[in-house]
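Below you will find the structure I want to go over with you.
The values are calculated or read from the model by the stated rules, or taken from the named source; none is laboratory data. Here the structure is a predicted model, which means the values were calculated and not measured. Backbone-built Cβ (ideal geometry, glycine too); neighbour counts: all protein chains shown. The accessibility values were calculated without ligands, DNA or RNA, using every heavy atom of the protein model including side chains. Shrake-Rupley method; radii C 1.70, N 1.55, O 1.52, S 1.80 Å.
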Amino acid sequence: MLRDKPRWGYWCECWTEDLTETKGRPPTLHGSFDAYSAPQADRWVAVALRTITPALDPDACDEAWAWLYEGRVQTRRALIRAEPCTVSVTQDNTRITWTIRPVMFVPLAHREAAELPACAHGFKPYATVSSPR
């Protein structure tokens, strides 16, 4: 969707975290989605949860369905108030977390234009020095 003005929306991400990891390894990003309404944002999480529930253990499945039946309404209300939200389920030693944050989407220069924007000509690349291994 090409727009010429900033637009409010929601930035959605899906992360996993190994709960047994002792080396302080950060969570891993698995997907992201730009939503333009609260219903679209919470629907992204709902579809993902419904998709994975057959593979979850009983406790994680209960967590997922609890959010789908009860927590989703609270999430939607929070998003409408422009509050960030998090939904998590834990399967064995893995935590899966979906985050939804209100954001302002800013349009970027059209990358397929024949002419580059004037600011592009002011950029002067320089050689980087690689460090010895």
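If His30 meets every condition in (1) open to solvent by 70 Å² or more (accessible area, probe 1.4 Å); (2) over 27 Å from Glu70 (Cβ atoms); (3) modelled with pLDDT of 85 or more apart from one, which number is that one?
(2)
Only one of Glu17, Glu13 is within 23 Å of Val106 (Cβ to Cβ), touching a residue at least 40 places away in the same chain (Cβ under 8 Å) and among the acidic types (Asp, Glu). Can you tell me which? Show your work before the answer.
On the way: Glu17 fails: within 23 Å of Val106 (Cβ to Cβ).
Every option except Glu13 fails the conditions.
Among the residues of segment 34-58, how many are part of a strand (DSSP E or B) and surrounded by fewer than 17 Cβ atoms within 10 Å (Cβ to Cβ)?
Summing the residues that are part of a strand (DSSP E or B) and surrounded by fewer than 17 Cβ atoms within 10 Å (Cβ to Cβ) in segment 34-58 gives 1.
Can you go through Arg101, Arg133, Arg111 and tell me which one is in a strand (DSSP E or B) and either modelled with pLDDT under 95 or within 19 Å of Glu17 (Cβ to Cβ) (or both)?
Arg101
Residues that are aromatic (Phe, Trp, Tyr), open to solvent by less than 70 Å² (accessible area, probe 1.4 Å) and under 30 Å from Pro107 (Cβ atoms): does segment 61-70 have at least one?
no
In segment 20-42, what residues are more than 13 Å from the chain's Cα centre (by Cα) and without any contact (Cβ under 8 Å) to a residue 24 or more places away in the chain?
Listed by number, the residues that qualify are Glu21, Thr22, Lys23, Gly24, Arg25, Pro26.
I've got another one for you. Just the residues that are open to solvent by 30 Å² or more (accessible area, probe 1.4 Å) and assigned to a strand (DSSP E or B), please, taken from segment 71-95. Show your work before the answer.
Within segment 71-95, the subset open to solvent by 30 Å² or more (accessible area, probe 1.4 Å) is 72-74, 76-77, 80-84, 86, 88, 90-95.
The answer is Thr86, Ser88, Thr90, Gln91, Thr94, Arg95.
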